[in-house]
Structure formats: C-alpha cells, structure tokens
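What follows is one structure encoded as structure tokens, with my remarks underneath.
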Ligand SMILES: [Zn+2]
C-alpha cells in the first residue's frame, strides 16, 4: 500500500504541472518552431523549438512543450531546417578592429565639434582604410543636445569607417563608410533602442607592447555594446611562419640545414608581460608555430603561473603548428589553450614535410594527439591568410584533405607533395594527410562554436544554444553532423541570427 501511495503522488505531480503552466504562461519575444536545433551541449541535445526573450535563449525543447509553457509575441517557423550555434572564428585579423590602437576617448568632449576634432586628428595618423573607433560621447553633455548624424562625421573621416559608441554603450554613431561596411542602409529596420547593432560579435586582442596595450592594461577587459565587442587581452609573437622558414625550430629546417628560424621574443619578456596582463584580469595569447617557439611560450607561461597562479581567463598559444612530442601533454597539464587553424594544415601539407622531415612532421597540426590529452582546440582561419569560411575549417579539421579530396592515394602524394621520396607507407595518406590526426565531426563543429567561446572566457554567453546564452545561430542547408565530408563544402548558410534578430539576409 505504501508503494501504491507514493506511486499515486508521483502521477498527481506530473499531471498538475501542465495545468499550472497553462494558467500562467511566461511571455517571450519569439518562439522558433519546426527546427532541428543542435544545442551542442555536453549531451548533444537536439530540440525542435526554442524560446527567446531579450535576445537570450529561455529554453530549447519540443514545440508542443514550449508552446504550452510560453506566450510568444512572434512565432517563427524554421521549416524543418538545421539550426546550429553561430560559428566563431577563434583567430582572424580584422584590420583596424583587430588593431585596437585607435580607441578615442570621448568622455570629456563638450560639443559635437570637439568629437569631430578628435576624429579628424586620428584620421590624419591612421593607415588608409583603418577603422577609427571611439567611445564615451554623450549628447547630454553637449551645449546643443541633439543626436549626431553621419553627415557631420563624413565631413572629417576621409575614406575611413568610423565607429563611436555612446557613453552607455547602447548607441553608436557611424559614418557612411561604416554603415556601408556593416550592411546597414536606409531600408534596414532600426533595432529597438536605436542603431546599436554591430551585426556580429567580436573579441579583440591587441598586438603589443605599445600605447594601446598600456591603455588596455589600465582599463582592463572591456565590453562595448552588450558584448558585440569585447577587448579581451594581449597578443605577442614568439616566432614567424613555417612557409617563410621563420618558425623557430629546435633543430634546423630539413630543407635549410643552417636555419633555425626567428625568435621574436625572449622567455623572460613573455613571462613578464603575461604576469602583468594576468594581474589586470586580461587574457594573453602568443603566436608560436615552430616546436622551439611553442616550447618557449609554454616555458614562459609555466613561469608566469608560478607567480600568479591560474589566470581568470586561460592563456592561449596561437597556431601551435609544430610540437615536439614531449610538449604535447603540457597544454593540458598547464591549462593552456592551443588555438589552431585547420585550413593552415591543408594549405601547408604539400610542403610541410619538406621543411620538417618525416619524423618532426608527425608533431605538426597534431589535433588528435592534443585532443587525446583532454584539451579543447578553438578553430580559426587566420583570415586574411586563409578564407574565413568556418565550414571550410570544419572540413579541413575532419578531412585533412584539400577541396579536390587530395590526398587519397600514394600516387596523389608523389605527384603533388614536395619532399616525398619512396617508399611512402601505403596507409599514410588514404585517410587524408596524416589522417590519424583528424578531428571527429563533432569535435570539428565544436572547434568553430563552443570551443572558441570557452577559449575567450565567454562560454557563459555564447558558443552553444543552451538557456541563458545569446540567441546567436545559423540555419544551414544540411545537417553538418552527418553530411559526408565533401557535403560540408557545399553546405549553405541560409540565415544568420544574432541576439534573436535576423542579421543575414537582411530581408
Ligand atoms: Zn594570425
């Protein structure tokens, strides 16, 4: 009887919940329905509906369940297509925006003319076409309290795009060039709250040292405009590139026996700057390509963390192209993030072995070896070095082939790849170039969604479609978790949504 009673109580509880929900439906802005929603949480949850309020995901679940629970101002039918978290490029160079030298302080300006004067001065010193950025203007402190126009800004900005955020970060003053680059025209509907929409989210790292670096150290991690622009940290260089034989190697280049590459920073200067940045709550990333360059950075980071302890935001190494076997487990043990660019591998594979020889090349672009130690690998394009299409990055990560499907046979290699001499092990290229280092498909997708978010310390707000995060997502023409490798290259991004609003196409 006891057993029966508890059983009855359970049934009652289950039956009461829908009744309560129907009585008090929670209001949301949009309910997206009829979608195949890939949440990319740890359980790889798939939902078919998503409720969004204030640009933030409230819930993902089944259509009937969410329709019962939420009263939506708008219901948007996705038409049974695949919906994924918005893609993130973990490493690219956006000119002017990437180089954040140009942040004008406008807090102290007492008139629109004073702002224009500051912009004019910055324009004179800026490289052609660079973005001019500023923040802090407030028309309420001006003698004439009028909202500024793009025409006034055009008159002083030459050919430069200008982006000036208001003191509260909730409005920006753009000139015509910036509006054109952002794809905003007279026909574009104003977002609620005014023209505050930057149509994507950016996390910036400042090359250093220099004035901009000092300034960031003083201000700390800076969020501009509701996480549309985050200034997260500092970037340094340990060495050069593999193609130019500038990557710093432990032993000379196989195809240049007197050359070890270039060392651009000492262990001690990287250590000291990392300590300084971590003490200011900033993130540090260092470019390292050769095995010696990577060891130098790991040694510097290890020494820095002995002084500061584990940092608030993880230390990163950018590129991580060639590793000595002994250094592969150090990323996991130190908590350092290897930020890598899968398309560099597929661009470099025709000549990488010529530079490195048959032994060292096995530690090159060694994604599987790294992942097996428990690290994440945020994926980037290093645009403009490679094309910034994240689907191409996902393809490179799980195929390790070029877009023609090469390499797939031994003959392929002998024909197209430098430095290959018989005998080529027969199984070495049939799964792509050193195919044993491929990522799985899910890892490759994570490399361009949740892993970059985690690597930038932004996993609480982006990177997956879990409740509480920005409703940033793409609608794709295929299910990229199951489409064959080649199908990734023909997959189309049909729509891009940022903060629950359609950012592309604009109509
Ligand atoms: Zn780069």
- request: Among what's in the range 354-388 and is in contact with a strand residue (DSSP E or B) (Cβ under 9 Å, 6 or more places away or on another chain) and part of a loop (DSSP other than H, G, I, E, B), pick the residue that is nearest to the ligand (Cβ to nearest atom).
  value: 382
message: Can you pull out every residue in the range 38-58 that is on the phi < 0 side of the Ramachandran plot and surrounded by fewer than 20 Cβ atoms within 10 Å (Cβ to Cβ)?
response: 41, 42, 43, 45, 46, 53, 56
task: Could you tell me whether any residue of the range 108-131 is surrounded by fewer than 20 Cβ atoms within 10 Å (Cβ to Cβ) and closer than 22 Å to residue 223 by Cβ?
output: yes
statement: Reported set for the range 285-307 where residues are within 14 Å of the ligand (Cβ to nearest atom) and out of contact with any helix residue (DSSP H, G or I) (no Cβ under 7 Å at 6 or more places or on another chain) is 285, 287, 289, 293
statement: Residue count, the range 389-410, condition surrounded by 20 or more Cβ atoms within 10 Å (Cβ to Cβ) and in a helix (DSSP H, G or I), comes to 9
task: Within the range 320-339, count every residue that is within 16 Å of the ligand (Cβ to nearest atom) and without any contact (Cβ under 8 Å) to a residue 60 or more places away in the chain.
output: 2
- request: Go through (1) within 30 Å of residue 403 (Cβ to Cβ); (2) at pLDDT 95 or above; (3) buried (at least 24 other Cβ atoms within 10 Å of the Cβ) and name the single condition residue 352 misses.
  value: (2)
task: Kindly indicate whether residue 282 is touching a helix residue (DSSP H, G or I) at 6+ places or on another chain (Cβ under 7 Å) and at pLDDT below 95.
output: yes
message: Looking at 279, 316, 310, can you tell me which residue is within 16 Å of the ligand (Cβ to nearest atom) and within 25 Å of the chain's Cα centre (by Cα)?
response: 316
query: Regarding residue 272, is this residue assigned to a helix (DSSP H, G or I) and either away from the ligand (no atom under 16 Å from the Cβ) or touching a residue at least 24 places away in the same chain (Cβ under 8 Å) (or both)?
result: yes
message: Within the range 71-91, take every residue that is under 26 Å from residue 479 (Cβ atoms) and within 16 Å of the ligand (Cβ to nearest atom) and give me the one that is surrounded by the most Cβ atoms within 10 Å (Cβ to Cβ).
response: 90
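The values are calculated or read from the model by the stated rules, or taken from the named source; none is laboratory data. Note that the structure is predicted; figures quoted are calculated from it, not measured. Please note: Cβ atoms are built from the backbone with ideal geometry, for glycine as well, and neighbour counts cover all protein chains shown.
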